[in-house]
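The values are calculated or read from the model by the stated rules, or taken from the named source; none is laboratory data. This structure is a prediction, so every number in the text was calculated from the model and none was measured. Cβ sites come from the backbone with ideal geometry, for glycine too, and all protein chains shown count toward neighbours.
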Amino acid sequence: MPSEATEGLEEPENLSYEDLEEDDNVSPTDLSELLKEGTKESHDQAENTQFVKDFLKGKIKRELFKLGTVALYYTYSALEEEMERNKDHPAFAPLYFPLELHRKESLEKDLEYFYGEGWPGKIQCSEVAQRYVDRIHHVGQHEPELLVAHAYTRYMGDLSGGQVLKKVAQRSLKLPATGEGVQFYVFAHISSPQQFKQFYRARLNALDLDAGTKERIVQEANKAFEFNMQVFDELDKIGALLPEEVQDGGLPLHDGRGDPRQCPYYAAKLGGSGASGCPFHLALAMLKQPPVQLAVAACLAVMAGVAAWYVM
């Protein structure tokens, strides 16, 4: 028998979150407030991980972005599998919105874009991401009342900061403006992320949970943040080992030092004039290439030998 909180949810198109007025009568004991306050420190820590800070600055390598997408795929596959398993559980049913929120299919499109046909055979779940996945499965199968913590942490974040990351990724990785590679961030069935988040919080607050269960959910949400930070840390370490990315011409990207607008060559290139690039930056970029470094070293050695012979 469905609970009162789930009545009227059978048809997703009947959702009326667009018409929901902001509720100023929230209580400190409401689950949404407990989660907001109880995860504030974890949220701040996650935002200040090196990986996230670099990402927001546009310092994200394509290969690293692909690996991050892989981690998300395994995470959401587990989360949505357990959500499907518990869609009728009274502690989760009011928060079951597959049409609006589920990300697995979007991530599959992104992975096909990055890895091509046969992508499932080209990826694997890392050890760190696997621990996250295992925890989600444990919760879904043994403590389903805690599943809301993982859904809240992921989906509310995706509807918030995730929209910023989408734009950064498109700009930094030169992804198509039509959305290929960033379908994960596209919520086609949510017209207003802000209103939907408000609607989702109202559903959180309507869950019939005792104080002890609410506290356990907050603790689980902090665990979810910790799992995400561990994934970020893993990606950051991998990124440090990846080679410097290059432009189409085979030269490293501009290192960001100085003001490129003061360089007429660089400005002309940005303007599409066909200029080949700033000679100074070109020379610095060439010197960063190992073959060039070896050639320069060899020339210097020969010159040193000639100079020594001449002095003798």
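Some points to look at:
- The residues of region 187-215 that are over 27 Å from the mean Cα position of the chain (by Cα), farther than 16 Å from ASN25 by Cα and aliphatic (A, V, I, L, M), listed by number, are LEU207, LEU209, ALA211.
- Just one of the listed residues (GLY116, GLY140) is buried (at least 22 other Cβ atoms within 10 Å of the Cβ) and either at pLDDT 95 or above or among the polar types (S, T, N, Q) (or both), namely GLY140.
- Restricted to region 17-112, the set of helices (runs of 4 or more DSSP H) holding at least 2 residues that are assigned by TED's automatic domain parsing to the domain that holds PHE225 and crowded, with 21+ Cβ neighbours inside 10 Å comprises 31-38, 50-56, 62-85.
- A Cβ distance below 8 Å, combined with a sequence gap of six or more or placement on separate chains, defines the contacts here; from region 193-211, residues that are in the same structural domain as ARG154 (by TED's automatic domain parsing) and closer than 21 Å to LEU99 by Cβ reach residues that are of a type in the set (S, T, N, Q) and at pLDDT 95 or above in the pairs ARG201/SER32; ALA202/SER32; LEU204/SER32.
- Looking across region 226-249 at every residue that is among the acidic types (Asp, Glu) and surrounded by fewer than 18 Cβ atoms within 10 Å (Cβ to Cβ), the one that is nearest to PRO28 (Cα to Cα) is identified as GLU226.
- Annotation note: of LEU146, LEU175, LEU165, the sole residue that is of a type in the set (A, V, I, L, M) and assigned to a loop (DSSP other than H, G, I, E, B) is LEU175.
- In region 178-225, of all residues being charged (D, E, K, R) and not in a helix (DSSP H, G or I), the one that is surrounded by the fewest Cβ atoms within 10 Å (Cβ to Cβ) corresponds to ASP210.
- Selected residue [over 14 Å from ALA91 (Cβ atoms) and at pLDDT below 95] from ALA169, ALA224, ALA202, ALA177: ALA177
- Being more than 23 Å from GLU234 (Cα to Cα), of a type outside the set (Phe, Trp, Tyr), at pLDDT 95 or above and in contact with a Gly (Cβ under 7 Å, 6 or more places away or on another chain) is a property that VAL218 has.
- Yes/no for ASN25 being closer than 28 Å to VAL182 by Cα and without any contact (Cβ under 8 Å) to a residue 24 or more places away in the chain: no
- Test for ALA93: is it at pLDDT 95 or above, more than 21 Å from the chain's Cα centre (by Cα) and among the small types (Gly, Ala, Ser): yes
- Condition check for GLN183: closer than 25 Å to GLU41 by Cβ and not small (Gly, Ala, Ser): no
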